[in-house]
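Asks: Pasting a structure here, questions to come.
The values are calculated or read from the model by the stated rules, or taken from the named source; none is laboratory data. Just so it is clear, the structure is predicted and the values come from calculations on it, not from any experiment. Quick reminder, even Gly has a Cβ in these numbers, built from the backbone with ideal geometry, and neighbours come from all protein chains shown. Just the protein is used for accessible areas: all its heavy atoms, side chains included, with ligands, DNA and RNA removed. Shrake-Rupley method; radii C 1.70, N 1.55, O 1.52, S 1.80 Å.
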Amino acid sequence: MGMVSIGGKLERDSGSIRLCKVIAVEGTDEVYFFDALLRHLKIADAEVRDVGGKDQFKSKLPALVRMSGFSDVRFLAIIRDADSDADAAFDSVRNILRDQQLDPPGQMNQFSNSNPGIGIFIMPGNSDTGMLEDLCLKTVGEHPAMECVNAFIDCASGLNDPPKIAAKAKAQAFLAAMPKIANSVGVGAQKGYWNLDSDELDNLRSFMDILR
Amino acid sequence: MYKKLTIDGFRGIKHLGVEDFRQVNLIVGENNCGKTALLECLFLLTGPTNPQLPLKINTLREFGVVDENTWSVFFNKLDINSDIKLSGELDKPKEERILAIKPSMKSATLSMTTTDKKSIDVGGSYTGLSPVMNGLILDYSFVKGRDKRSKKPITTKVTATDTGIEFETPKDYEEALRGVFINAKTVSGDMGRRFNEIQIRKQTDRIVKVLRQIEPSLVDLSLGADGIVYCDIGLDRLLPLNVMGDGMFRLVSIILAILDAQDGIVLIDEIENGLHHLSQEILWDAIFESAKEFNVQIFAATHSIECTKAFSSSYSRIGKNNDDIRLYRIERNGDDFRVVSYDHEILEASLDSGWEVR
């Protein structure tokens, strides 16, 4: 059993949906991040569930909408990384939803008017490429630690075999510069290392407004 | 093979529709959600001109008495004024079956002595005697192949009389589809006859091979003159199968039913009953293989997560990705019934996440 966030509280997954608003995310790290964000936004009646990476979406999203308790869900928010192509990520999720006879939204970062209302947010939001780490880093762009991070990344990028995903390396470097160890962006969010009040989260906050 | 089933007004089910049945179908859901009723409906639709079946399914529920309460229990909320309608769609060959079940009523008559008459005070409120339900009328209609119109309905009847139970069966209709219903309490009933059939077909080895996975010392099976199946486990004497443990007995009864129901359907309630969870994968292996070989469609119901996991993992090994299994969860909210269906890929994804499918 993995971890799930129920009403802003992390716990072991009981296997059934208990709240009427569900946020489906790409991994455990995202569960931790959105758990912290929901608490910050004071949204208490939503749960966050891991539907695996993009390769698992095809089977885990259909599994999610079949879970015991899903018939009472009023809003389903699906959060996916753009990776290299935001439109392709959006279309892929829409196709999965259509195959399940669910009504997907017409545009990304919005909800459909169906029941349940379904929204798809493609990370980092308003960008063709990227992921949660990109968004987290934007929230701390002005943080003094970023000078150390940039210097480290500059150095690392000169290596023969440099980090393949710059955003992940940069996020790790930023977290390494924090007072207490946080080995992932989700844990970083739990420890309050990302600025959840940042304007950079306006798109995401506005997307999640419907869940209030 | 059934593809679709619609139930109206049967037992606790006001309305329920299930589509997309496959060769092997596992039904799950909470208590009292209608799993057994669904199996019973398929059983009735498979023998729609056999008026003994309604009483048989009551007996399988350990309600074998025939009295004034017997007949109303088939009707939703005991309301005999709303008929039961069951319909099923089959393919290969294409066929639609509709079975309407209605109450059979008889006028109440009183035979009274002079003394009785004196003792009855009908007063001003007396409005007459109500008709009494004494049985069921089964109206079966069907459409085969490309026909647009159904054939003339076939009516059969079961009624309780002063002397016993009377069955009116059709003279000119013979049902081709075979159906076998097994539940947790089903014991050796037809086991001797079925085993004899298997012996004649020289297929005893197949069952022995499956059973050896549970009892490695098993050498052979044979049928005694007393109708009991005996096991040779290398001792001086043969042992009756009945004493070999619930798991062996259950496994044999299910496999025999499948072999016996060639080209038909087998319905198994509480399929996990009597089987250790480690044996359940052996059972599913045997079911998948024999259902395919004997062209039998399986409908089973369970409460057990181990059984559900065994269903999925067995199919992962031997299913060859033919998409011929489904799991259906029946969800009940008052009078509303909803069916959630899982193909193998989605079932695996759910089990992998530890998400409840039952």
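Asks: Per residue of B:343-349, what is the mean number of Cβ atoms on other protein chains within 10 angstrom of that residue's Cβ?
Replies: Going residue by residue through B:343-349 and averaging, the value is 5.
Asks: Would you kindly compute the Cα radius of gyration of region A:52-116 and its largest Cα-Cα separation (Dmax), both in Å?
Replies: When restricted to the Cα atoms of region A:52-116, Rg and Dmax are 11.6, 35 Å.
Asks: So, one more: Give the long-range amide H neighbours of residue B:47: residues separated by 5 or more places, or on another chain, with amide H under 5 Å away, using H modelled in the peptide plane at 1.01 Å from N.
Replies: none
Asks: How big is the Kirkwood radius of region A:113-171, worked out from every pair of different alpha carbons and given in Å to one decimal?
Replies: Radius from the Kirkwood sum: 13.5 Å.
Asks: Same structure again: Provide the per-residue ³J(HN,Hα) series for region B:226-233, in order, calculated from phi with Karplus coefficients 6.51, -1.76, 1.60 and θ = phi - 60°, each as a whole number of Hz, with x at glycine and proline positions.
Replies: Rounded to whole hertz, the list is 7, x, 9, 7, 10, 10, 9, 10.
Asks: Does region B:239-352 come out rounded, prolate or oblate, given a ≥ b ≥ c as the square roots of the eigenvalues of its C-alpha gyration tensor, rounded meaning a/c under 1.5 and, failing that, prolate meaning a/b above b/c?
Replies: prolate
Asks: Another one. Please state the charge dipole magnitude for chain A, taken about the Cα centre, from unit charges on C-beta atoms (+1 on K and R, -1 on D and E), reported in debye and rounded to the nearest 20.
Replies: 760
Asks: Output wanted: per-residue J couplings in Hz (rounded whole) for region B:344-353, from phi through Karplus 6.51 cos²θ - 1.76 cosθ + 1.60, θ = phi - 60°, x for Gly and Pro.
Replies: Karplus-based 3J(HN,Hα) across region B:344-353 equals 5, 5, 6, 4, 4, 5, 5, 5, 4, 7 Hz.
Asks: Here is a follow-up. Kindly provide the GluC sites (Glu not before Pro) of region A:128-212 that DSSP labels as loop, not H, G, I, E or B, and whose Cβ sees at most 16 other Cβ atoms within 10 Å.
Replies: Taking region A:128-212 and a limit of 16 other Cβ atoms within 10 Å, the loop GluC sites (Glu not before Pro) found are A:142.
Asks: Moving to a separate point now. So what is the accessible area of chain A per residue, in Å², with the probe set to 1.4 Å?
Replies: I get 46 Å² per residue for this part.
Asks: What's the local net charge at residue B:345, with K and R +1, D and E -1, over the other residues with C-beta under 9 Å away?
Replies: -2
Asks: Which order do the peptides B:136-144, A:28-36, B:60-68, B:32-40 take when ranked by the mean count of other beta-carbon atoms within 10 Å per residue, highest first?
Replies: A:28-36, B:32-40, B:136-144, B:60-68
Asks: Mind checking the dipole of chain B: about its Cα centre, +1 per Lys or Arg Cβ, -1 per Asp or Glu Cβ, Debye to the nearest 20?
Replies: 900
Asks: Could I ask something else about it? At q = 0.20, 0.23 Å⁻¹, what base-10 log of I(q)/I(0) does the Debye formula yield for region A:113-212 when every alpha carbon is treated as an equal point scatterer in vacuo?
Replies: -1.05, -1.27
Asks: OK, next. Pull out a ≥ b ≥ c, the square roots of the eigenvalues of the alpha-carbon gyration tensor of region B:28-82, then state rounded if a/c is under 1.5, prolate if not and a/b is larger than b/c, and oblate in the remaining case.
Replies: Here region B:28-82 falls in the rounded category.
Asks: Distance between the C-alpha centers of region A:86-111 and region B:151-167? Whole Å please.
Replies: 56
Asks: Could you work out the relative contact order of region A:132-190, using alpha carbon pairs under 8 angstrom and six or more residues apart, expressed as a whole percent?
Replies: Answer for region A:132-190 is 35 percent.
Asks: Something else now. Quick check: net charge around residue B:137, other residues with Cβ under 11 Å of its Cβ, Lys/Arg +1 and Asp/Glu -1?
Replies: -1
Asks: Still on this structure: Might you report the magnitude of the Cβ-based charge dipole of region B:189-340 about its Cα centre, with Lys and Arg at +1 and Asp and Glu at -1, to the nearest 20 debye?
Replies: 300
Asks: Residues of chain B: accessible area per residue at 1.4 Å, in Å²?
Replies: It amounts to 50 Å² per residue over chain B.
Asks: Okay, helix-only estimate at 222 nm for the protein assembly as shown: each DSSP H run of n ≥ 4 adds -39500 (n - 2.57), divide by all residues, round to 500 deg cm²/dmol; what do you get?
Replies: -9500 deg cm²/dmol
Asks: A follow-up question, please. Counting only residues 5 or more places away or on other chains, whose amide H sits under 5 Å from the amide H of residue B:84 once H atoms are built in the peptide plane?
Replies: Long-range HN contacts for residue B:84: B:101.
Asks: Identify the GluC sites (Glu not before Pro) of region B:270-317 meeting these criteria: DSSP loop state and at most 15 other C-beta atoms within 10 Å of the C-beta.
Replies: none
Asks: Per the Kirkwood treatment, what hydrodynamic radius in Å, one decimal, follows for chain A from the mean inverse distance over all distinct Cα pairs?
Replies: 17.6
Asks: Which of the three applies to chain B, rounded, prolate or oblate, going by the alpha-carbon gyration tensor with a ≥ b ≥ c and a/c under 1.5 meaning rounded?
Replies: prolate
Asks: Now a separate question. To the nearest 10 degrees, how steep is helix B:191-200 against the longest Cα principal axis of chain B, on a 0 to 90 scale?
Replies: Compared with the principal axis, the helix lies near 50 degrees.
Asks: Given a 1.4 Å probe and no ligands, DNA or RNA in the count, how much accessible surface is buried by A and B, both sides, to the nearest 100 Å²?
Replies: Using a 1.4 Å probe, the pair buries roughly 1300 Å².
Asks: What does the charge add up to near residue B:161, with Lys and Arg as +1, Asp and Glu as -1, over the other residues with Cβ less than 15 Å from its Cβ?
Replies: Around residue B:161, the charge tally is -3.
Asks: Still on this structure: For region A:135-184, which whole percent of the accessible surface, found with a 1.4 angstrom probe, sits on carbon and sulfur atoms?
Replies: Heavy-atom surface of region A:135-184 belonging to carbon and sulfur, 1.4 Å probe: 58 percent.
Asks: Could you tell me the relative contact order of region B:1-60? Use alpha-carbon pairs under 8 Å, at least six residues apart, and round to a whole percent.
Replies: 25
Asks: Output wanted: per-residue J couplings in Hz (rounded whole) for region B:90-99, from phi through Karplus 6.51 cos²θ - 1.76 cosθ + 1.60, θ = phi - 60°, x for Gly and Pro.
Replies: 10, 10, 6, x, 5, 7, 10, 10, 10, 10
Asks: Let me ask something else about it. What number does the protein assembly as shown give for Rg over Rh if you use C-alpha atoms and the Kirkwood radius?
Replies: 1.11
Asks: Taking only C-alpha pairs under 8 Å that are 6+ residues apart, what is the relative contact order of chain B in percent?
Replies: 21
Asks: For region A:14-74 and region B:297-334, compute the distance between their C-alpha centroids and round to whole Å.
Replies: Centre-to-centre distance over Cα atoms comes out at 25 Å.
Asks: Roughly how compact is region A:10-125, stated as its Cα Rg over 2.2 N^0.38 Å to two decimals?
Replies: Compactness ratio reported: 0.97.
Asks: Near the amide H of residue B:182, under 5 Å away, which other amide H atoms are found, from residues 5 or more places off or on another chain, if H is placed in the peptide plane?
Replies: The answer is B:267, B:268, B:269.
Asks: Determine, from the Cβ-Cβ distance of residue B:235 and residue B:200 and an R0 of 22 Å, the FRET efficiency 1/(1 + (r/R0)^6), rounded to the nearest 0.05.
Replies: 0.25
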